[in-house]
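These notes concern the structure reproduced below.
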Amino acid sequence: MPPSFDQVVSTLRSAGCVFAEDEAALILSTARTPAELTAMVDRRADGLPLEHVLGWAEFSGLRIAVDPGVFVPRRRTEFLVRQALALSRPTPVVVDLCCGSGAVGVALTAALPGAELHAADIDPAAVRCAVRNVGGVGTVHEGDLFGPLPPVLRGRVGLLAANVPYVPTDEVGLLPPEARVHEPLVALDGGGDGLDILRRVGAEAPDWLAPGGSLLVETSERQADRAVEAFTNAGLTARLAVSEDLHAHVVIGTRR
């Protein structure tokens, strides 16, 4: 006999899940058999991220497939998507760097009919997952930042979203176990001050952006000023957008 809703809630709460009731409802609605339900509850109680247990995450109103070992899209990153859409032109070329599951690129193209999407990640597991999500709406490339992108995109990109890793190396060990243990280090570790990848993206972005095109990168509150400075040094017109509700900070750099 499969565990009841109350039993699942009790198990999850004992494991430290703060939103045990919500998680129990999602697990119960996703499991296809009693055996799968029991296995899912056990995996969640053992600390596997809920999205990895379910096999998907909700992002910008979409259900995004998330494989084990792939970075889980955060709700705060929906703010980056909204900022990008506010800047978009009709049928732009969209690039999603450090794409992980491809959530950002998929969300952008879902709201931009006719957009040309290219997503890229250095992690093969992320690329396989992104291919599942991007499907027929775009192309996924495997490699380091701009390296695998088709040269024909240079000077044509209207929206360049880069959800780069920005946790300082010395602070990765302080992350919650769900991230530290179950997500790839390459998606978390941003180098000494957390801005190594952001600087690299900012430095190369002007060669890829169309005139008036914009680069959008998420960062933390304490890194925001240095991130804006990095974009400015790269020749972009930079500004910071903040969502207090989502605790999100997005640096936007536009090619003059």
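The values are calculated or read from the model by the stated rules, or taken from the named source; none is laboratory data. Quick caveat: nothing in here was measured; it's all calculated off a predicted structure. Positions of Cβ are backbone-derived with ideal geometry, glycine not excepted, and every protein chain shown enters the neighbour counts. When the accessible area is computed, the model is the full protein with side chains, heavy atoms only, and any ligands, DNA or RNA have been set aside. Shrake-Rupley method; radii C 1.70, N 1.55, O 1.52, S 1.80 Å.
Couple of notes before you dig in:
- Filtered residue count, the stretch 198-256, keeping only those that are assigned to a strand (DSSP E or B) and open to solvent by 50 Å² or more (accessible area, probe 1.4 Å): 6
- Scope the stretch 1-54; condition in a helix (DSSP H, G or I), among the acidic types (Asp, Glu) and closer than 22 Å to residue 70 by Cα; matching residues: 23, 36, 42, 51
- For the stretch 66-82, the set of residues classified as surrounded by 20 or more Cβ atoms within 10 Å (Cβ to Cβ) and either more than 14 Å from the chain's Cα centre (by Cα) or not aromatic (Phe, Trp, Tyr) (or both) consists of 66, 70, 72, 73, 77, 78, 80, 81, listed by residue number.
- Residue pairs whose Cβ atoms lie under 8 Å apart, sitting 6 or more positions apart in sequence or on different chains, and linking a residue in the stretch 184-212 that is without any contact (Cβ under 8 Å) to a residue 12 or more places away in the chain to a partner that is part of a loop (DSSP other than H, G, I, E, B), are 196/190.
- Matching entry among 105, 47 (being in contact (Cβ under 8 Å) with a residue 24 or more places away in the chain, open to solvent by less than 40 Å² (accessible area, probe 1.4 Å) and on the phi > 0 side of the Ramachandran plot): 47
- Taken together, 167, 131 contain a single residue that is open to solvent by less than 40 Å² (accessible area, probe 1.4 Å) and within 15 Å of the chain's Cα centre (by Cα), which is 167.
- Filter pass, residue 137 being more than 19 Å from residue 72 (Cα to Cα) and in contact with a Ser or Thr (Cβ under 7 Å, 6 or more places away or on another chain): yes
- Here is the figure for the stretch 147-164: residues that are surrounded by 16 or more Cβ atoms within 10 Å (Cβ to Cβ) and assigned to a helix (DSSP H, G or I) total 1.
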